[in-house]
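**Q** Take a look at the following structure, please.
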Amino acid sequence: MSVSDLIEEARRFLSHFPEIEWKLDSSVLTIPPVAQTGFAIGLEDGAGATIWCHMWHEHFTDKEECLKLFKGLLARRSRVVAVKRGNTEHFWTLEVETDGDWQSLGSVGTFAFPFWKPRTEVVYENPPRVPP
């Protein structure tokens with residue numbers, strides 16, 4: 001599956017759910033959050049495929065796996081847990097709800113943050129938007 005085929009397959013999938021707002025800008029398909037406490041989901045083509053949720057992201061060489069995660073994020077309750085130091089978010093973990101428990105799908109972070117400031121967490125959560 002080529003990357004452009006990946007975006008086209010995502011568009012076909014979303015066409016079955018007209019209530020889901022999305023936009024395609026160049027090579028990035030974006031689904032905005034449904035609430036201020038939620039997060040956008042992005043699917044980007046380029047030199048491989050990338051899914052991003054808030055600041056969390058993952059690069060894929062297997063485009064089928066990328067599409068599977070994209071669909072799964074729309075079919076399950078999901079959240080991004082952001083760790084802050086002061087007002088600066090610096091670490092993000094993507095989690096999905098599975099049988100009432102939260103399962104981590106991975107974390108990303110940056111080293112440029114004020115480590116001496118108090119640590120807090122912010123949770124951005126999306127409800128399921130399509131049937132499983």
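**Q** Does H54 satisfy being assigned by TED's automatic domain parsing to the domain that holds S26, in contact with a strand residue (DSSP E or B) (Cβ under 6 Å, 6 or more places away or on another chain), surrounded by fewer than 17 Cβ atoms within 10 Å (Cβ to Cβ) and under 24 Å from S27 (Cα atoms)?
**A** Here the answer is no, as H54 does not meet what is asked.
**Q** Every residue in the range 64-89 that is out of contact with any Pro (no Cβ under 9 Å at 6 or more places or on another chain) and either closer than 25 Å to E8 by Cβ or not aliphatic (A, V, I, L, M) (or both), please.
**A** Within the range 64-89, E64, E65, C66, L67, K68, L69, F70, K71, L73, R79, E89 meet the criteria.
**Q** Scan the range 66-73 and give yes if some residue there is more than 30 Å from D5 (Cβ to Cβ) and out of contact with any Phe, Trp or Tyr (no Cβ under 8 Å at 6 or more places or on another chain), otherwise no.
**A** There is no residue in the range 66-73 that is more than 30 Å from D5 (Cβ to Cβ) and out of contact with any Phe, Trp or Tyr (no Cβ under 8 Å at 6 or more places or on another chain).
**Q** With respect to E19, determine if the residue is closer than 25 Å to V123 by Cβ and more than 12 Å from the chain's Cα centre (by Cα).
**A** Taking the combined requirement at face value, the residue satisfies it.
**Q** Does the range 80-125 hold any residues that are polar (S, T, N, Q) and either touching a strand residue (DSSP E or B) at 6+ places or on another chain (Cβ under 9 Å) or not in a loop (DSSP other than H, G, I, E, B) (or both), and which are they?
**A** T88, T93, T98, Q103, S104, S107, T110, T120
**Q** Looking at the range 54-80, which of the residues that are among the basic types (K, R) and under 11 Å from the mean Cα position of the chain (by Cα) is nearest to L94 (Cα to Cα)?
**A** Going through the qualifying residues, I end up with R79.
**Q** Further question on the same structure: Can you pull out the residues in the range 45-84 that are among the acidic types (D, E), in contact with a Leu (Cβ under 8 Å, 6 or more places away or on another chain) and over 18 Å from Y124 (Cα atoms)?
**A** D45
**Q** Further, regarding this structure: How many residues, within the range 66-79, are in contact with a strand residue (DSSP E or B) (Cβ under 7 Å, 6 or more places away or on another chain), more than 17 Å from V34 (Cα to Cα) and either without any contact (Cβ under 8 Å) to a residue 40 or more places away in the chain or among the hydroxyl-bearing types (S, T, Y) (or both)?
**A** Number satisfying all stated conditions: 1.
**Q** For the range 87-101, indicate whether the set of residues that are surrounded by fewer than 16 Cβ atoms within 10 Å (Cβ to Cβ), outside the structural domain of E9 (by TED's automatic domain parsing), of a type in the set (S, T, Y) and under 23 Å from V34 (Cβ atoms) is non-empty.
**A** Yes, the range 87-101 contains a residue that is surrounded by fewer than 16 Cβ atoms within 10 Å (Cβ to Cβ), outside the structural domain of E9 (by TED's automatic domain parsing), of a type in the set (S, T, Y) and under 23 Å from V34 (Cβ atoms).
**Q** Next up: I'd like the full set of residues that are at pLDDT below 95 and either among the aliphatic types (A, V, I, L, M) or in the same structural domain as A40 (by TED's automatic domain parsing) (or both), limited to the range 106-124.
**A** Correct list: A112 only.
**Q** Looking at the range 80-96, can you tell me whether even one residue there is under 20 Å from W22 (Cα atoms) and in contact (Cβ under 8 Å) with a residue 24 or more places away in the chain?
**A** yes
The values are calculated or read from the model by the stated rules, or taken from the named source; none is laboratory data. It should be emphasised that the depicted structure is a prediction, and the values quoted were computed from it without experimental measurement. All Cβ positions, even for glycine, are placed from backbone atoms using ideal geometry, and neighbour counts span all protein chains on display.
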